[in-house]
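Have a look at the structure below, then the notes.
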Amino acid sequence: MDVKIKRLLKDLQNTDDDLRTLSAMTLMKLDFPDSETRAEVVANLIKATQDENISVRFFARKALDKISVAEKLMLSSVEGTTVPIADRLISPNFRTRLSAVMDIKNKVQKGDDEVKSEYKTKLIEMLETEDHPFVKASLISCLQYFLEKEEASILSKFLSDLDNRVRSNTIEAIEYLKAEEAIPSLFSALSDHDNRIRAGAAKALQSFGEEKVFTELKKMLESPEEWMKGSAIYALSHIQASEAVKMLIDAARNGNSQDTKMKAVIALANYCDSTVYSFLKGMSLNGDDASKESAAKALKLMEEKFGKEPPHTTIVTDESVEDTKVDNGAKTPKTAKQEDLASTVTRFFRKGKDEAIGLSGKTAINFALNDLRKEIDEHVLDIGRTVYDLYQGGEIETTDLLSIGNEILRMNYFIQKYSEQNNKKASNEGGFFAQLKNFFSPKTQEQKNSAFQMEKFSKRRDELFLKLGKVALRKYEDKEDPFKPKTLEAQFLNYQKLASRLEKEQKLLENTGSEEA
């Protein structure tokens, strides 16, 4: 094995997070033509997919994906492929076993029903004893074509497997089988540390139909066990549906414990929704003290996730919910056109200035242009965040977008690092009153340094989101190197409208300037 690769594998087990991340990133870019080297690298990368650091896990999976593509090309020529499938299934070489499972899957997908009766029992038995995650994941993917939905329990226990691929394939198999009894098990997958698995679980739950999913969630919310209620609230916050919002708002209003209410309020921050915004705004103004605090926190989380502009659309179809009321009966607005104090004051004084001294047409248009440019920048920033979500889901392949995504991932790591340091320090400072006293006390130099570092990396991350959005838009319009994921269609159309408005305003400015001259 090459000395460089040996060093990289050693770094992959280092205690330093940055060094492990860099090692995984480098391994992702290399090729491994030697089979022994490739096998050792794969083994180490598989372990790295369980790393506590999200960056290490991400790049380890990307490296494995690249190797697996190369291996698929070689599977057909693996030594021993002329040996009968039954013999290959018991081979000590995991690649040989994997090729046999893939052959069986290909046969059943092509409609060969005889293969089902021949290998079903063998594959089920093999799944119980298989220890290689690649083979185990392929077995699950293959068995979905052999099992009836009543037999889904054979697979559902692998939802808690240590390997990400195994858990992901299990979710897909359960969705394929339409195994309704596995719905409660899928709720736990919504809290998985792997974002692709969370997305897969949400998609699978939606495929069962809202009625069945929400019936189960209602049972969980009515449970006397707090952990069951908490699990239901968490699951609801990841299901983008009107019923989910209504159930969370109801839990926030009428939960039989303060803990349940507060969890429901915070969970609502996952929705970029005008009804949710109105409810939280009303609660932050008119609720009891605990409700005000939780609602304010939820609004802050919503702002961090979706931007400062209040949402203007809703998925809620029930008008009785849109007329949101807080506990004291105060009614909140039905639409989310509330403005923050700063923007209201700015507009007031601008209007006063216009009326007092009469701004020229050119100056007034300049004001409008500046506002429009800011709106476009915010929109491009949102596009950058959307593209980053695709990057995290492993759906980005172009080098320029990947490199920016890698940089954002690094910024997230540093932000998380300093945030965890602060949280750890706060958790060690005694009870509630001790922490409250500390909140009003002057910050130490260490706390100031951490806050400064977090602000610096957050600012840099926003710059990178903006850059990612700009590059994505440029590639979206590029005919030779197109990048057109469906999730960007609506945002791209909105961007075109804003850009068209900007162009018109600029022409108007030019015409007004020449007239005034």
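Using a probe of 1.4 Å on the protein chains alone, the accessible area found for Glu503 is around 100 Å². Taking a ≥ b ≥ c as the square roots of the eigenvalues of the alpha carbon gyration tensor, the range 120-206 is oblate, as a/c is not under 1.5 and a/b does not beat b/c.
Taking a Cβ cut-off of under 9 Å around Thr170, the surrounding Lys, Arg, Asp and Glu residues balance to a net charge of 0, with basic ones at +1 and acidic ones at -1. Once both labels are positioned 7 Å from their Cα atoms along Cα-to-Cβ, the gap between Asp389 and Glu293 label points is 3.1 nm.
Taking a ≥ b ≥ c as the square roots of the eigenvalues of the alpha-carbon gyration tensor, the range 243-304 is classed oblate because a/c is 1.5 or more while a/b is no larger than b/c. Shape call for the range 212-282 from the C-alpha gyration tensor, a ≥ b ≥ c root eigenvalues: rounded (a/c under 1.5), prolate (a/b greater than b/c) or oblate? Note, shape of the range 212-282 comes out oblate. Compared with the direct C-alpha span, the chain from Glu180 to Lys504 gains 111.2 nm at full extension, assuming 0.36 nm per residue. Applied to the range 156-167, the Karplus parametrisation 6.51 cos²θ - 1.76 cosθ + 1.60 on θ = phi - 60° returns per-residue 3J(HN,Hα) values of 4, 5, 7, 5, 9, 4, 5, 8, 4, 5, 5, 5 Hz, with x for Gly and Pro.
Accessible area per residue was computed with a 1.4 Å probe on protein heavy atoms; Tyr277 scores about 30 Å².
With 22 Å as the limit on Cα-Cα distance, the pairs of Lys308/Lys459; Lys107/Lys203; Lys305/Lys475; Lys263/Lys417; Lys149/Lys218; Lys374/Lys507 that go past it are Lys107/Lys203; Lys305/Lys475; Lys263/Lys417; Lys149/Lys218.
The values are calculated or read from the model by the stated rules, or taken from the named source; none is laboratory data. Fair warning: this is a prediction, and the values are worked out from it, not measured in the lab. Glycine gets a Cβ as well: all are built from the backbone with ideal geometry, and neighbour counts include every protein chain shown. We work out accessible area using only protein heavy atoms, side chains counted, and drop any ligands, DNA or RNA first. Shrake-Rupley method; radii C 1.70, N 1.55, O 1.52, S 1.80 Å.
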